[in-house]
Amino acid sequence: MSDDPKVFVPSRPLEPGARYGVLSGFAPGTRTLPAGFRIAPPFRSVPVEIVLEKDVAVTLRDGVTIYVDVLRPAGTQKVPVIVAWSPYGKGQGTSPSVMGIFNLVGIDNGVVSGLEKFEGPDPAYWCAQGYAICNPDIRGVGDCEGDSVIWDRQEGRDCYDLIEWLAVQEWCNGKVAMSGTSYLAVSQWFTAAEQPPHLAAINPWEGVSDVYRDLVLRGGMPDTGFARQLQENSYWGKGRREDILAEAERHPLMSDLWENKIPRFDRITVPAYVVASYSNTLHTAGTFRAWRRMGSKEKWLRIHNSQEWPDYYDEANREELRRFFDRYLKGEDNGWEQTPRVRYSVLDLEGGDQVRVGAEEFPPKDVTPTKYYLDGRSRALTTTAPAHGATAGYDVSSNPDAVSFITRFDKETVLVGYPKAHLWVEARGSDDMDLFVLVQKLDAYGTPLQQFTVPNQSALVQDLTERGASILRYKGSDGRLRVSLRHLDDTLSTDAVPAHSFDRIEKLSPGEVVEIEIDLLPIGLAFHPGEQLRFVISGRSLLGTMMPAIREYTAANSGQHVVHTGGAHTSYLQLPVQARSR
């Protein structure tokens, strides 16, 4: 009997439908795509002759066979190869679902060839630059053998085997890299931690790095709407797929199951070009966490001001990525090392964003963590702690079901780094609390400021983002915590970024006031004189779902939530204030 706590259910076979593209069918063999070839309207044509080796069998260390597509420039010159590792089908780039996603966010489908995997590098561009692309179906997906898993060290071992197989092919120069967004970023943390000898560089472009804390139980709450969408719509195959929803129900606390879904960051030592944003409520925390903890001495971070798909397929960004890969996969002395180790954005939310601000670290050295104390009497945030105690709160079933605190800035103020909330709270009529917090920018007249992260700002996207689809519209830096899971992990926590152990439940007693810390997503936000910051505490999700059309989490709350401020209970919001002279 196995002691593996994973739960598996039968997969569904990949059949024609919304996620089925032109190259989705199983058809082993080699064909040549001539320069000018176009797979279908409205996609771009390929600028060079490309050799497509389709459904090549690769045997993994445990005997499982997977199938990969390799697209490489024609000719005899040996080239490096970039791997796009995900469960998203090898032919999904031309599928109605992917075309629909591009249309939703406002990307012209003509910017890609359709030969790319969803969220992966486009062979039309990379083959023209002297690179091959490997699009694998992973274990358990498509026609591959085995059972598929969701973001797991097993994937790291499997991709290790693929990388070492690719490196010795007669057309390869022995250098392999990885690139892509979301799932294709997450798989890079796990693979690089396995240290395949021929992995030369990685390019994770936003992705979770802790399945428990980022995906299924953020803040200790079983908010599994996106996990359901992921597992039910991405793992099409002949075998079984992992049921992460059942696992979250059976294992609500941190366990070996979840530890196995955290990459060993210290073992990531290859050169890494990491791309992040402040605005992706699924990926932001995980991307920054992985970048902070990875062991690579040669690592770069760029924090952009939009959404990952338009950012990834932007022509200038792709050219910059090529410089990085040219340096580490082709050995070109192109000055990449002079690139600032950190380039961050400062959002303005009124059209004046700053991008690619250079720094040696994040937060930049000129940032000071500054406490803004909550005052329950005046509902203000002040830089001096109130001398006298006061409370503020709400009934979770009433309107309003939130309480907020505001400060107005009298001079130009820029926040860059990690906010956190340090609160004293009490539950009346309950023994637990699901708390949600938000740092929000207001203009001088008190109007909340927001910003779309995608080019499409149509009526449909307005509707979708009114109470959800938070990755498409930025409304501020948020955090959440189930108070009974407030215990901090001393080995992972820092003063700037608290981390909870999630290994014990500590219910509240009647009248008990407890001290908690909540990490909020990193921030880069400018406030002009007269503008205001509002800090909101609520018993419900303040941003709604992260993606359109997924089930919204209902908080497990009852009774009243009380926030204690001042005196013996100095609740505060810690903000990363940058020193700036004007």
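The values are calculated or read from the model by the stated rules, or taken from the named source; none is laboratory data. Computed from a predicted model, the values in this text were never measured in an experiment. When we count neighbours, we look across all protein chains shown, and the Cβ atoms used for this are built from the backbone with ideal geometry, even at glycine.
Look through segment 325-341, keep the residues that are surrounded by 12 or more Cβ atoms within 10 Å (Cβ to Cβ) and charged (D, E, K, R), and return whichever of them is farthest from Asn203 (Cα to Cα). The residue in question is Glu332. Screening segment 219-233 for residues that are touching a strand residue (DSSP E or B) at 6+ places or on another chain (Cβ under 6 Å) and in a helix (DSSP H, G or I) and picking the one that is surrounded by the fewest Cβ atoms within 10 Å (Cβ to Cβ) gives Gly219.
Pairs are defined by a Cβ separation below 9 Å, a sequence spacing of at least 6 or placement on different chains, a first member in segment 223-235 that is among the basic types (Lys, Arg), and a second member that is part of a helix (DSSP H, G or I) and modelled with pLDDT of 95 or more; the pairs so defined are Arg228/Ile244; Arg228/Leu245.
Filtered by the rule that a residue be out of contact with any Gly (no Cβ under 9 Å at 6 or more places or on another chain), surrounded by fewer than 23 Cβ atoms within 10 Å (Cβ to Cβ) and part of a helix (DSSP H, G or I), segment 97-124 gives Gly100, Ile101, Phe102, Asn103, Leu104, Val105, Asn109, Gly110, Val111.
Among the residues of segment 18-55, those that are without any contact (Cβ under 8 Å) to a residue 40 or more places away in the chain and loosely packed, with under 15 Cβ neighbours inside 10 Å comprise Ala27, Pro28, Gly29, Thr30, Arg31, Pro34, Ala35, Gly36, Pro41. The residue that is nearest to Lys330 (Cα to Cα), counting only those in segment 183-214 that are in contact with a Pro (Cβ under 9 Å, 6 or more places away or on another chain) and part of a loop (DSSP other than H, G, I, E, B), is Ser209. If I filter segment 371-389 for residues that are within 22 Å of the chain's Cα centre (by Cα) and among the charged types (D, E, K, R), do I get at least one hit? Checked segment 371-389: no residue is within 22 Å of the chain's Cα centre (by Cα) and among the charged types (D, E, K, R).
Selection of segment 382-397 for residues being of a type in the set (S, T, N, Q), farther than 21 Å from Phe436 by Cβ and outside any loop (DSSP other than H, G, I, E, B) yields only Thr382. Only residues that are in a helix (DSSP H, G or I) and among the hydroxyl-bearing types (Ser, Thr, Tyr): list them for segment 304-350, please. Passing the criteria: Tyr312, Tyr328. Within segment 365-381, being outside any strand (DSSP E or B) and surrounded by 18 or more Cβ atoms within 10 Å (Cβ to Cβ) holds for one residue alone: Gly376.
Criterion applied to Arg551, Arg480 was being of a type in the set (D, E, K, R), within 30 Å of Gln229 (Cβ to Cβ) and surrounded by 15 or more Cβ atoms within 10 Å (Cβ to Cβ), and the one residue passing it is Arg480. So which of Ala526, Ala499 is surrounded by fewer than 18 Cβ atoms within 10 Å (Cβ to Cβ), farther than 12 Å from Thr281 by Cα, of a type in the set (A, V, I, L, M) and in contact with an Asp or Glu (Cβ under 9 Å, 6 or more places away or on another chain)? Exactly one of Ala526, Ala499 is surrounded by fewer than 18 Cβ atoms within 10 Å (Cβ to Cβ), farther than 12 Å from Thr281 by Cα, of a type in the set (A, V, I, L, M) and in contact with an Asp or Glu (Cβ under 9 Å, 6 or more places away or on another chain), namely Ala499.
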